[in-house]
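**Q** Quick one: the structure is below, questions incoming.
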Amino acid sequence: MIVCVAVVGHQNNPLYIQSFTEADDALKLHHIVHCSLDVVDERVNNPKKSGPTLNETFLGLLYPTENYKVYGYLTNTKVKFILVTTDLDVRDADVRNFFRRFHAAYVDAVSNPFHVPGKKITSRTFAERVSTIVKSFGLSTAG
Amino acid sequence: MEEYPEELRTPPVTLISVVGCPDLHSTLSKHLHSEQPPINTLALPDFSKISLFSAKPDSPSPPPPPPPPSGILKRDWLLKHRTRIPSVVAALFSHDHLSGDPAQWLQVCSHIDQLKAILRPRNIKLLLVVVVDSDNVDDLSEDRMLALRKRAELDSKYVVLFNQNDSSALHRLGSAFAELANLYYRDEGRRIKLRLEKKTFNSSSIELNIRYCFKVAVYAEFRRDWAEALRFYDDAYHTLRQMIGTSKRLPAIQRLVEIKTVAEQLHFKISTLLLHGGKVAEAVTWFRQHNASYRRLIGAPEAIFLHWEWLSRQFLVFAELLDKSSAAIKNVSSLVLATADKALTEWESRPAYYYQLAAHYLKEKRSSFELALSMSETANEIDNSAESVVPSTYVGQFARLLEQGDAFALQSLTDEEYIRFAIAEGKRFQDSFEIIALLKKSYESYSDLKVQRMVSFCGFQMAREHYAVGEFDNAKPLFEGIANLYRQEGWVTLLWEVLGYLQECARKHGVMKDFLEYSLEMAALPVSTGTDTQSFRFKDCGPAGPASLAQREVIHKEVLGLVSGESGLASVKNSTNLKITGDNPLHLEIDPVSPLRLVLLASVAFHEQMIKPNASTLITLSLLSQLPLTVEIEQLEVQFNQSDCNFTIMNAQRPPLAATAEDKEGRRVETSPSLTLSTNKWLRLTYDIKSDQSGKLECTSVIAKMGPHFTICCRAESPASMDDLPLWKFEDLVETSPMKDPALAFTGQKATQVEEPDPQVDLNLGASGPAFVGESFIVPVNVISMGHAVYSGELKINLVDVRGGGLFSPRETEPSSMDSHHVELLGISGPEGEDETQLGTDEIKKIQKSFGLVSVPFLKCGELWSCKLEIKWHRPKPVMLYVSLGYTPHSNESTAHKVNVHKSLQIEGKTAVVISHQIKLPFRRDPLLLSSIKSVPDSDQPASLPLSEKSILIVSAKNSAEVPLHLLSMSLELDNEGVGGSCSMPHEHETLLDPALLVPGEEFKKVFTVISEANSSKLKLGTVCVRWGRHSVNEEQSSSTVASVLTTQTLPDVNVELPPLVVSLDCPPYAIIGDPFTFLVKIRNQTQLLQEVKFSLADAQSFVLSGSHNDTVFVLPKSEHILNYKLVPLASGIQQLPRFTLTSERYSAGFQPSVAASTIFVFPSKPHFKVADVEDKRMESLVAE
């Protein structure tokens, strides 16, 4: 289950962060998302020489915490997407698929002429779309 | 890791024993210990101690079917094999014992028998060492040795002769030991392996299976067979995993504890082996599996804390292992850690990650332990029974020690008893310090990796622990560092939490200022209950509560209460109630980098960028606050760098305080109808302002008074260069501008320039016309006061090259230029031509080549002061003269109030007199100059002069200026150096009695005669000196008063040589038609040689001629040949004489007298001359056209 998704801007500032848990651990998730930015920085600054991740937006598993797995995605405009999930067995394809759809939603949200680039995303439509994508995570390939 | 027993932590070391010959033991043990791999030695002084190694007494009889084991691993088994059971026993016999008398031999034999009896059941290997000296090596009889060997039933290679004095003997002995030890461990391993394979033991006993696997692995480790050790540890581990849920031997809690303890040991061994083998990725994967398989085995609810403690220890131990082998890990980032299905991240190979998780689980342990403690306390049956609980013989088991007289008995525990024991044990530890230590390790490790966010997170957890145990001094700097990062990156909710802790720290410390700062910042944070943030109800949110708009308002109200002095701050430290009072006022500073800019932002803009002094302009003051509630300011004080301009704005809605009114007496006070700041809404105030001081007028700060004793000083910012509000810039808000006028919002500055007052003093430069090179050009300067009195006036003079650059060019390195400056400021003379020395010494006067500074005396209104600048040109060059006058119009004003007047004038520098010269040879006398024959025409060779001939030098000076000049004198000055006497010239020094007036373009000529007396290729002719002056129109200024200028020019060198032949034409000065006259051509040979000369005379139209036309003659040395012609002129006027041409055979050079030399004037009839006395002047001067 996805517990948190986040969009992080150029100055590593949160543009959108939403958690999907019943438990009140949103603050912990904020910490996890914030810490994962270190890994994103490291991945971006020292790309593996022969890795397949070169020039790819999907950054893969960033780091496992005690109960969560954190995945990252970097758009061409250097906006970071972070996904925190509690699933122990996550298929890469699912995550990639999720990020692809999430990216599309993000692009639609920032294409709004009333959105100022670099500011938080407050669009309700975007929030709804994200929660739909989150709910369907892991189902698309199964079904 | 330190809590593990030593034998587990270090790899096993082979143990052997030596007995007999005790004097050799230390040598042997030292050598064996230094072997690679090392061998530990158990030294027994004599054979009686050998019984230590004897096996259990029941060993001889075959044991009855063993009872099911009551544990997995025996606690002391490993230690036993490390320290007590040797693999090899070496019996040392001295040579004497063997070769001596039969009694000794018998004793040897009995020792051997005893050894055999004891060692056989344990399979310990025996080595016999016969100690010999170098002198009795050969004494030992062969059959004695054989007997010995047979007695011991040993292979011959295990009976060793040891020569004490032979160094290689030690090595041989060492290798024998190593070989035998290896053999022993292999045999033992094999024996147990066989048991495993054949399942000879009770196959249902998993415990034995695990134990045997462990033993095989340990034996393999003794042999350094890491691969096998790893395999069997792995087997043991996996078998152990199967035990969970199947074993029923112990009560549930203790069973799990035992399994976990054994698993921990096995895991430790496996990880160590993997990491020592450099297999980091495998180790990490292994740890992950270990973690995955045990993490969920929480066990009984009352013993959860044991699980968390255990799990925390797993992470800690693995972190320490990783840390230890970090050298191998250095290059781990380059390792491709991704395995087939489960990708590993680089973080998992870093110790910091494990330290952090160890701390995390320890925190879990603490919370569950507290729960367990509270439960047990309610039961309140902590009795002393826990004290007698000791670890039992098996790893991971505990038992109660019962004293029964002298004997001790171990009694197994129930789970309740065990839990009580564990809680009693747990109380001895202070988890918080442990957690802080773990986090600190992680923090430092992450800091080395420069991952600041992880560092911050660890720091945050550390600080929280410090906070929890009340160490606010430790917590505060950590929190502050973290808050900075969150501020920078705009993580508002995280910042809120950290600030909440900081606020509480300040409250507990009783630091009012910090408390207010943190509270204000929190209140101004962009936290809202909008769509982006959920209604946070964190279960572990900070002391400030959840971040929400309501909470911000609560904080703001608290701050307002404190500021107004109504409420106080309850401090824990001093247990006093702090209040902001008159004795204890509070002042906050907000600069452009302060986080409190959110609270109050002051933007100041002048409406004009330049203002005249005393002219008023408008200034707009804009204030912005992000505080959630409306703030009312009591008064605003606006401060400028010119303190006279400061003013205060009072709030009309508040009654003015009496005290402030007195304080600000004499200051400007404005009143504004309302000074209320609403959230995110600019409060704009516009006032007019004027300054009478020139220079920069800048608004420095705005001080807002919020309560009776609370002020905020806000540094003023220009709207043009104002940064966005931190944190709020990411919010989706409407951008507002501080100024109503958008142009002002983009360009407005907090500073303006106040211009200087207009000068009321006139500065005149009265020079006219061009200046001439060499003369001292006078530029009169007049300072006329038109309305201002001049105090402490200062005149600055600057000469600047018009074409840019300096007034000198380093390229022209001619020595003739007297110094580097082509134009020079010579001096400044005061009014009435007063001398420089007459000027007061106190007056400033500084003159340099191109710069001058002179002080101007005090001038009243309407007064005039003048001086003269004297400038000299060394080169023709236009120059810009800048004169600036700085003065103060009032005597008592500071220097800042200076008024400046600037004037400039371009002055051309020109050459006044152009000097040229010309050298003429004597009339009708032509020397054959060899150098001129050879020379190429038009070359720059110096002119040649014949030796000892009289030549004429004409020097002319031309007026190239635009004004008439007086020529005072012209002379030729010889350089008396070197060639003195080589050339004589009549020296003329006399000045002209009547100075010649030269109009522009006119030329003055003077004739000199030159007789060269020395044969020199370079003869200096000397320097022409021309003294001249400007011709002034008005008569009273006679030429003497006008400064005369001396212009000099060095004449080029000439070449003097002896002509071999000199041809002179001799004819009368004039002729008359029809009247014959004689024309003589004299050819003089000046050489010592006979000269063959060819000559020819061409016919001329106007003359009838007699004499030879062509001939070749020989001229004798130092003699003269004369050709005689008779001519009759046929026409009158200027007539060309027949052209005479001469060719010298010797020099193969011909020459012809010039045309001018061979003309004559023919009169039609005999003229009548009136003979007058002509003044015999050798030199005549004439003014030619």
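The values are calculated or read from the model by the stated rules, or taken from the named source; none is laboratory data. Because the structure is predicted, anything quoted here is derived from the model rather than measured. Quick reminder, even Gly has a Cβ in these numbers, built from the backbone with ideal geometry, and neighbours come from all protein chains shown.
**Q** Go through (1) more than 36 Å from the chain's Cα centre (by Cα); (2) at pLDDT below 85 one by one and return the number of the condition B:ILE712 breaks.
**A** Evaluating B:ILE712 over (1) more than 36 Å from the chain's Cα centre (by Cα); (2) at pLDDT below 85 leaves (2) as the failure.
**Q** Continuing with the same structure: Do we have A:LEU29 as surrounded by 21 or more Cβ atoms within 10 Å (Cβ to Cβ), aliphatic (A, V, I, L, M) and modelled with pLDDT under 85 here? Outline the logic, then answer.
**A** Numbers: surrounded by 21 or more Cβ atoms within 10 Å (Cβ to Cβ): yes; aliphatic (A, V, I, L, M): yes; modelled with pLDDT under 85: no.
No.
**Q** Would it be correct to say that B:LEU413 is at pLDDT 80 or above and either in contact with a strand residue (DSSP E or B) (Cβ under 9 Å, 6 or more places away or on another chain) or buried (at least 17 other Cβ atoms within 10 Å of the Cβ) (or both)? Reasoning before the result, please.
**A** On the way: at pLDDT 80 or above: no; either in contact with a strand residue (DSSP E or B) (Cβ under 9 Å, 6 or more places away or on another chain) or buried (at least 17 other Cβ atoms within 10 Å of the Cβ) (or both): yes.
No: the conditions fail for B:LEU413.
**Q** Does A:VAL5 qualify as being crowded, with 22+ Cβ neighbours inside 10 Å, more than 8 Å from every other protein chain (Cβ to nearest Cβ) and either part of a strand (DSSP E or B) or modelled with pLDDT under 85 (or both)?
**A** Yes, satisfied.
**Q** On to the next question. Could you tell me whether B:ARG224 is part of a helix (DSSP H, G or I) and modelled with pLDDT of 80 or more?
**A** In short, no.
**Q** Considering only segment B:453-535, give the helices (runs of 4 or more DSSP H) lying wholly within it that have at least 2 residues that are within 38 Å of the chain's Cα centre (by Cα), within 14 Å of another protein chain (Cβ to nearest Cβ) and within 30 Å of A:ARG129 (Cα to Cα).
**A** Correct list: B:472-489, B:492-509.
**Q** Exactly one condition in (1) out of contact with any helix residue (DSSP H, G or I) (no Cβ under 6 Å at 6 or more places or on another chain); (2) farther than 21 Å from B:TRP728 by Cβ; (3) touching a residue at least 24 places away in the same chain (Cβ under 8 Å); (4) assigned to a loop (DSSP other than H, G, I, E, B) is not met by A:PRO113; state its number.
**A** (3)
**Q** Scan segment A:8-38 for residues that are within 7 Å of chain B (Cβ to nearest Cβ), farther than 23 Å from A:GLU128 by Cα and not acidic (Asp, Glu) and jot them down.
**A** The answer is A:GLN11, A:ASN12, A:HIS31, A:HIS34, A:CYS35, A:LEU37.
**Q** While we're here: In segment A:105-131, what residues are farther than 17 Å from A:GLN18 by Cα and either hydroxyl-bearing (Ser, Thr, Tyr) or more than 13 Å from every other protein chain (Cβ to nearest Cβ) (or both)?
**A** A:VAL107, A:ASP108, A:SER111, A:PRO113
**Q** Out of all the residues in segment B:423-436, which are in a helix (DSSP H, G or I) and surrounded by fewer than 16 Cβ atoms within 10 Å (Cβ to Cβ)?
**A** B:GLU425, B:PHE433
**Q** Starting from segment B:204-224, keep only residues that are touching a residue at least 24 places away in the same chain (Cβ under 8 Å) and under 16 Å from B:PRO11 (Cβ atoms), then list their pairs with residues that are among the acidic types (Asp, Glu) and assigned to a helix (DSSP H, G or I) whose Cβ atoms are within a distance under 6 Å, requiring at least 6 positions of separation or different chains.
**A** B:TYR219/B:GLU188; B:ALA220/B:GLU228
**Q** Considering only residues that are among the small types (Gly, Ala, Ser) and at pLDDT below 80, look in segment B:786-800 and name the one that is farthest from B:LYS849 (Cα to Cα).
**A** Checking each candidate, the answer is B:GLY787.
**Q** Is it true that some residue in segment B:625-635 is among the aliphatic types (A, V, I, L, M), farther than 17 Å from B:GLU717 by Cβ, at pLDDT below 85 and in a strand (DSSP E or B)?
**A** The answer is no; no qualifying residue exists.
**Q** Step by step: first the residues of segment B:346-367, then only those that are surrounded by fewer than 24 Cβ atoms within 10 Å (Cβ to Cβ) and of a type in the set (Gly, Ala, Ser), then the one that is farthest from the other protein chains (Cβ to nearest Cβ). Which residue is that?
**A** Among residues in segment B:346-367 that are surrounded by fewer than 24 Cβ atoms within 10 Å (Cβ to Cβ) and of a type in the set (Gly, Ala, Ser), the one farthest from the other protein chains (Cβ to nearest Cβ) is B:SER367.
**Q** Could you tell me which residue of segment B:1024-1059 is nearest to B:GLU973 (Cα to Cα), considering only residues that are modelled with pLDDT under 75 and hydrophobic (A, V, I, L, M, F, W, C)?
**A** Across segment B:1024-1059, the extreme among qualifying residues is B:ALA1043.
**Q** Anything in segment B:878-899 that is at pLDDT 80 or above and outside any strand (DSSP E or B)? List them, or say none.
**A** Residue satisfying the conditions is B:PRO878 alone.
**Q** Just checking: which of the strands (runs of 3 or more DSSP E) contained wholly in segment B:668-783 hold 2 or more residues that are exposed (fewer than 15 other Cβ atoms within 10 Å of the Cβ)?
**A** Strands (runs of 3 or more DSSP E) meeting the threshold: B:668-672, B:683-690.
**Q** Pairs, please: C-beta under 6 Å, at least 6 apart or cross-chain, first residue within 15 Å of A:HIS31 (Cβ to Cβ) and in segment B:454-471, second in a helix (DSSP H, G or I) and charged (D, E, K, R)?
**A** Matching pairs, first to second residue: B:MET454/A:ASP38.
**Q** Looking at the structure I just gave you, is B:ILE16 assigned by the TED database to the domain that holds B:ILE124, assigned to a strand (DSSP E or B) and either out of contact with any Ser or Thr (no Cβ under 7 Å at 6 or more places or on another chain) or not small (Gly, Ala, Ser) (or both)?
**A** yes
**Q** Right, another one. Taking B:GLU370 as the residue in question, decide whether it is assigned by the TED database to the domain that holds B:ALA437, modelled with pLDDT under 85, assigned to a helix (DSSP H, G or I) and closer than 13 Å to B:TRP308 by Cα.
**A** Spelling it out, B:GLU370 is indeed assigned by the TED database to the domain that holds B:ALA437, modelled with pLDDT under 85, assigned to a helix (DSSP H, G or I) and closer than 13 Å to B:TRP308 by Cα.
**Q** Okay, next question. Whether any residue in segment B:1144-1156 is at pLDDT 85 or above and aliphatic (A, V, I, L, M) is what I want to check.
**A** No, segment B:1144-1156 has no match at all.
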